[in-house]
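Single-structure report; data block below.
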Amino acid sequence: MIQIDVLRRKNKEEPAYLQSFLYEPKEPSETVATALRRLNEQASLTDKEGNRADPIVWENSCLQKKCGACAMVINGRPMLACDASLSALKSPVRLEPLRKFPVVADLMVDRSILFQNLKDLNAWLTADADPSEKKNPDAYEASRCLQCGCCLEICPNFAVDGRFYGMASMVPAARLLVQMPEKEKKELAAEYKRHVFEGCGKSLACQDICPAGIDLQGLMARSNAAAVWRRLLWKKRN
Amino acid sequence: MKRINIAGAGLAGLSAALTLAKKGIGCNLISVQPSERAQSVLAEGGMNAALDTMGEQDSPTFHYEDTMKGGVYLADPNAVRGLTSAAPEIIRRLHAIGVPFQMKDGELVLRPFGGQKKRRTAYAMSSTGKVAMTALIDEVRRFEASGLIRRYPHMEILSPAIEENRCTGLLARDTFTGECFMFRGPVILCTGGMNGLFSGMTTGSTANTGDVTAAAFVSGAALGNLEMIQYHPTTMTIPGKRLLVSEAARGEGGRLFVERTDPESGRTENWYFMEEKYPELGNLMPRDVVSREMSMVTQDPSCGSRVYLDMRHLSRETWEGKLADLRKEVIHYLQLDPAADPLPVSPGIHFFMGGILVDEQHRTSVADLWAAGECACQYHGANRLGGNSMIAAVYGGHVAAENAAEMVLRHTDPERTGNEPDEADAVSCGKMSASDEAQQMLSPAFAGQVQRFLAEGLPVFRSEENMQKALQGLEDLWTEALTEREKRRLLLARAILLSALSRRESRGAHTRTDYPERDDKQFRKTTAARFVNGEIQIGFQEIPKDRQEGEE
């Protein structure tokens, strides 16, 4: 039997409280996502003390680490619930919503800022992508970002409404910077410099956090080169 | 300019939004979660198009023929011609917006996929859906910034609003605040397959509940070929769902075997049954055939009860260059390395060929309501070929948007074409009353019972007896105490079983032990389910005539 403590909140106006549930996994390979689904499937959910409890609010979709919906803080670490194996977690397992984002209810947060920031960054192609195959590996790697927000949760430099947009903006920008024809890069490069390059304190806290295992440091080094250093060199030459 | 409402922001929804935006027509892109969470990101193996880059003299006509044959001639031939002719240009376009398709010497590489005689599947490892979605999301963002596309990414779609067989808008509920909104105007549904009815048994997303399809059905939209449910041959059970092992595994050389014991010598060998039975396409027969064969060999007393996918012989280059993500995923979830061990696999529900009945232009039976992507019944007939779902979602969303745009430009009646640009997109209907909210609830126990009866009635091999039993089980669930949502779901579940019972033949994904033969005379027709005066009616309607017949 596993004890699962959930930091609950009916909505953003109500105070938060911790509620404990007891859960018996049926299979050794179960994850936090399995537990949440099975708890919510009970006809009447009761907490550890036997009190009736409302279903636990959380987001999910693919349950296999490909959609980023179920990101939350599990035993202090931001991760996907579908990636958090119960057998590898210390009991009681503590589930909290991502703290960097406004809470909607229970474990569900409002991650709108992720998408707003990408819009501010002008994160789109303005001309056809450079089709050469040597660009493919980086474009592929950078296309894998889940927009889950785990990297922002752990980042000491990121705040909602802050100027630094974090790795969740760096990765999509990296795809565009690698695929954009050189003469189209100016606008995105300027935004990138302001909202990504200048804000990263190189704490490397995000290094091992990305649930998709994206090579953040490698992509960032090459994006910095494309957006910042190449431009500086270019300016000097002229 | 008027705005069109698009429900769902996966591949079909994004494609529809882009088509409208490029015409300068605005849309509301309404979805329960952002596009990054859509089931489309799970699509793995690739997208079919007769690009003919492999020196095999491929052509859209061959793609058409394979698709029609794979669907056992139940698809609309004109629609399939449209799809297969447009496919190469769609892939070129996706490549141009940055989808990192596998390339060699400056040209797209195509991989072999099931049911196709040529290499035709463009891909990016086995994450093709994810990377295609990323490129389309970025492309859509450009038009979000210009204001043409307005996103509503946390709206649960409740129902299209249908009055006198015409769609007047879309009712949705903000999952952040609970507030309900009516988006007035025409609607394109891109809400995905009916996974919710088979909860825990499918490879897809939990967000594709099928409840929008059920709501459209009870409001008057006809549904088609509901009995055509694809069991993908190679899935594995993980807690809470089926994990897909992409068809790319077999496309790149994976082989299926079962352990067979010779009754005389007592010797046990690995029997690569697909290769023996189908020398031409072998492990790459269409999915319906492979799933049937797997179910048969595991019931053979001389064979073991498990089929294995053998990939041990694949080269390091294939693993690293083409299947790296697949291998990683299997190791993560199954603690098995497919490069070292055969994988135990079994058929699992993967795709719904049936759904909301649409014509070639993706019009539903309800005026001003379109459907595209997996929620629609189009292109795949009785069995979908691997690699045809994404291309059909992109193309279908595009066609639906073209036709919706035409309607909006033709009519000036604001009742018909939605809000004026200076009006708010959506009219708030406030929060639901407690009693209305209760009607939207779905009890997990009820959903579990529906799922159990459907699963029992609709396995790979079906029979009158088992389907009748399941139908009876569903009918016994009916009580007045059910919520509205539960009643709708039950109606849809019954419509699926009634469709399956009515088709007294075997075709594609619908295989009956009591009617093992295909019967073109009676059943080369679309199963149409309608909800009329409180009753489910099942009929068969003619498949449109091939306009090009005899021309080639």
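Selection of first residues in the stretch A:165-188 that are assigned by TED's automatic domain parsing to the domain that holds residue A:155 and of second residues that are among the charged types (D, E, K, R) and outside any helix (DSSP H, G or I), restricted to Cβ pairs under 7 Å at least 6 apart or on distinct chains, gives the following pairs, ordered by first then second residue: A:177/A:185; A:179/A:130; A:181/A:130. For the stretch B:199-208, the criterion of being surrounded by 24 or more Cβ atoms within 10 Å (Cβ to Cβ) and under 16 Å from residue B:371 (Cβ atoms) is met by at least one residue. Taking the conditions exactly as written (farther than 20 Å from residue B:10 by Cα and among the β-branched types (Val, Ile, Thr)), does residue B:97 satisfy them or not? In short, no. Taking the stretch B:430-513 and the helices (runs of 4 or more DSSP H) fully enclosed by it, the elements with 2 or more residues that are among the basic types (Lys, Arg) are at B:484-502. Scan the stretch B:1-57 for residues that are in contact (Cβ under 8 Å) with a residue 40 or more places away in the chain and of a type in the set (Lys, Arg) and jot them down. Result: B:2, B:3, B:23, B:37. Counting only strands (runs of 3 or more DSSP E) wholly contained in the stretch A:35-140, the ones carrying 1 or more residues that are open to solvent by 10 Å² or more (accessible area, probe 1.4 Å) and facing chain B (nearest Cβ under 8 Å) occupy A:103-105. Remark: residue B:235 falls outside the filter, which requires a residue to be within 14 Å of chain A (Cβ to nearest Cβ), surrounded by 24 or more Cβ atoms within 10 Å (Cβ to Cβ) and touching a strand residue (DSSP E or B) at 6+ places or on another chain (Cβ under 6 Å). Within the set A:6, A:32, the sole residue that is touching a Leu at 6+ places or on another chain (Cβ under 6 Å), in contact (Cβ under 8 Å) with a residue 60 or more places away in the chain, surrounded by 14 or more Cβ atoms within 10 Å (Cβ to Cβ) and more than 10 Å from chain B (Cβ to nearest Cβ) turns out to be A:6. So which of B:98, B:185, B:106 ends up being modelled with pLDDT under 95 and at the interface with chain A (Cβ under 8 Å from one of its Cβ atoms)? Result: B:106 is the single residue among B:98, B:185, B:106 that is modelled with pLDDT under 95 and at the interface with chain A (Cβ under 8 Å from one of its Cβ atoms).
Let's see how each residue does on (1) closer than 29 Å to residue B:380 by Cα; (2) at pLDDT below 95; (3) assigned to a helix (DSSP H, G or I):
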position	(1), (2), (3)
B:257	yes, no, no
B:293	yes, no, yes
B:309	yes, no, no
B:319	no, no, yes
B:326	yes, yes, yes
B:330	yes, yes, yes
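Filter the stretch B:16-42 down to the residues that are closer than 30 Å to residue A:58 by Cβ and surrounded by fewer than 24 Cβ atoms within 10 Å (Cβ to Cβ) and list them by number. Hits for the stretch B:16-42 are B:33, B:34, B:42.
Residue-wise test of (1) within 14 Å of chain B (Cβ to nearest Cβ); (2) buried (at least 24 other Cβ atoms within 10 Å of the Cβ).
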{"residue": "A:171", "(1), (2)": "yes, yes"}
{"residue": "A:187", "(1), (2)": "yes, no"}
{"residue": "A:196", "(1), (2)": "no, yes"}
{"residue": "A:200", "(1), (2)": "no, no"}
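The residues of the stretch A:9-24 that are crowded, with 18+ Cβ neighbours inside 10 Å and among the aromatic types (Phe, Trp, Tyr), listed by number, are A:21, A:23.
The values are calculated or read from the model by the stated rules, or taken from the named source; none is laboratory data. Predicted model only: the values in this text are computed from it and were never measured. Cβ sites come from the backbone with ideal geometry, for glycine too, and all protein chains shown count toward neighbours. Please note that ligands, DNA and RNA were not included when accessible areas were found on the heavy atoms of the full protein model with its side chains. Shrake-Rupley method; radii C 1.70, N 1.55, O 1.52, S 1.80 Å.
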